[in-house]
Each structure stands twice: as C-alpha cells, then as structure tokens.
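The values are calculated or read from the model by the stated rules, or taken from the named source; none is laboratory data. Keep in mind it's a predicted model, so treat the numbers as computed, not measured. As a convention, Cβ positions derive from the backbone with ideal geometry for all residues, glycine included, and neighbour counts pool all protein chains shown.
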Amino acid sequence: MKSLQIFSGNAHRLLAEEICQYLGIELGRANTTRFPDGEFNFQILENVRGGDVFIVQSTCPPVDSHLMELLIMIDAFRRSSADRITAVIPYYGYARGDKKDRPRIPISARLVANLITTAGANRVLAVDLHAPQIQGFFDIPVDHLFAAPVMIDYFDNNPIEDLVVVAPDPGGAERARAYAKRLNADFAIVDKRRDKSQPGHSEAEVMHVVGNVEGRNALIVDDMVDTAGTLTKVAEALHKKGAQKILTSCVHAVLSGNAIERICNSPLERVITTNSMPPKEECAPSRFEYLSIAPLLAEAIKSIHEESSVSRLFI
C-alpha cells in the first residue's frame, strides 16, 4: 500500500498535529515560511513520490492568504509526483458565495473549487460546508463530513434538562431538527428577515419565534458564527419569549469584528464550537468551549487511505 503522508500549511498546524497523533504518524516535514515581500515560500523536505498525501489547511481568516497557501502546496505535491493529493479543508472559505441571488455577483464557492481542482488536487475532504451543493462544484470526489456526531456526543455527556433545539432561520431547520431528534428534545425555529441593503448581509432582523421556549433551556444550532449579529438577535428574541438558559452550538467560529464582544453582551451563556479553525485568544473558557474534530478527520483520512467506507462517520 502506498505510504500515508500528512502535511500542513500555516492555517491550523495544531489540528494537523492532533490528527497525526491520533493516527500514530509524524507530520510531514516542509518549509512553510514567507519571503520578505509576503509570498509563500513552500518546499517539501521529504520524499513524496508515489505517496498518498493529505494536506490539512483551513481557508480561515486571512482567507486569501491561506487559500493561496493551499493552492501552492497542492501544486508542489503534484510536481513532486505524489500518487494522490487530498485537500483536507475543515473550513471552506467563500462558501457563502454559492449562488447568484443578486445581479452582477460571482459564484465564489465555484471559483475556489475550480482553483483547487486546477492546482492538482485529486480529492477533497471538507467539514460542514455552508451549502451542501458546493460538493457539486467539484469535478473530483468530495467527502463531506459533519461535526454533528462530535456535538451530539458532547451533549449526551453533558445533558441539558427541558431542552428545546432552535433553528436560527428556515435554512438551518434540517440541521436543528436532526439535533432535536438525536437529543430527544423539542424543536423551534426563528423567522427572520435579512437586511440586504447592509454590506455583507451580516445583520438580520428577527421577526418571531415559532415554537414553545418559555421557561425552557434553548440550544441554538448553526453551522457558522461570523459577526454574531444574527446569533445575538436570535438569543435576544428567545430571551424575550421567556427562555431560561440560552446556549449555541456551531461548527465554524469565525468570530469576525466585534463578534466576541457582542456574544459577551448578549443573553448567550455558552458557545460550543469546534476547532475547525484556530481558537481566538480572546475567547474566555467560561463562555466558549472548543471540541476537537481531529479524531473525526483522522478516521476519515484512514478510511480514504485504506479505500474503505467513510459513510460510517456520518450521523
């Protein structure tokens, strides 16, 4: 069997090291420095000819910089005769640009998929894509993992009494309903209207809560928290409706701008997230808890390498 080799860029080296520790192998040696002008200076420092190479690189902020690193690394492994190159992308940047819902805008998620494929990747391993249809933007195989098993396991071990799982918008209803079913909890949904006149569409006006949350503990389930504008407004709406304890679980904690300050000044008591991108230093452990997806990714990498089923890792 061809050798399994895992390499990392500068986006989240700690996650790559956790994956390697789980699999009992050493992280691949490579130069990942930068030239004085900021250009990425990459060189593989070991033989990869005929190897089964996995590149662990979240395209987290700064997105453009980390995406360029990923493309350059893929190109280097292709030119070094690696047998198969799998891009392991715990957080897929530009995923919100998955459709043309306004005039004269790009479909950025498709462009990124084209770049990764053209660079020479043979396969992609991603976690909780913002839009599932992004898988169809690739002309190479995509293994789309979900962090739900990690989250469900956490809440099974830390049960919340009188729980109601809340979808922050209709688009997240399927995800929240799946959580509610697994946790044997009730389900509610928040109807909101997004203000498209705002740059980036980061703000949303909450309209009303559909479901009974009064006197109950609410868990808001989402895939990503960016500016936390929508999340905190949903939490405020639940608080006004009489919810007692309000928590949220998200896979990708981007936490741009003053998101952390917003969360700390909101009714949210706790944010449960994953390490799909490096934790922010400002996140107080009393308010933010990070769960590792390294075992999930490691098992997927092992299955891909051994040509066995990955579907066993799905919820």
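Assorted remarks:
- Residues satisfying the stated conditions in region 56-97, i.e. charged (D, E, K, R), within 30 Å of E307 (Cβ to Cβ) and in a loop (DSSP other than H, G, I, E, B): D83
- Any hit, region 100-110, residues being touching a residue at least 12 places away in the same chain (Cβ under 8 Å), of a type outside the set (S, T, N, Q) and assigned to a helix (DSSP H, G or I): yes
- Selection within region 165-188 - among the aliphatic types (A, V, I, L, M) and over 22 Å from the mean Cα position of the chain (by Cα): A185, A188
- Criterion (surrounded by fewer than 19 Cβ atoms within 10 Å (Cβ to Cβ), of a type outside the set (V, I, T) and part of a loop (DSSP other than H, G, I, E, B)) met by exactly one of K302, K280: K280
- Verdict on R110 being modelled with pLDDT of 95 or more and surrounded by fewer than 24 Cβ atoms within 10 Å (Cβ to Cβ): yes
- Residues located in region 77-99, provided they are crowded, with 21+ Cβ neighbours inside 10 Å and either over 16 Å from the mean Cα position of the chain (by Cα) or touching a residue at least 40 places away in the same chain (Cβ under 8 Å) (or both): F77, A82, I85, T86, V88, P90, Y91, Y92
- If the condition is being among the charged types (D, E, K, R) and at pLDDT 95 or above, then region 81-97 contributes D83, R84.
- Looking across region 281-308 at every residue that is among the small types (G, A, S) and modelled with pLDDT of 90 or more, the one that is farthest from V150 (Cα to Cα) is identified as S308.
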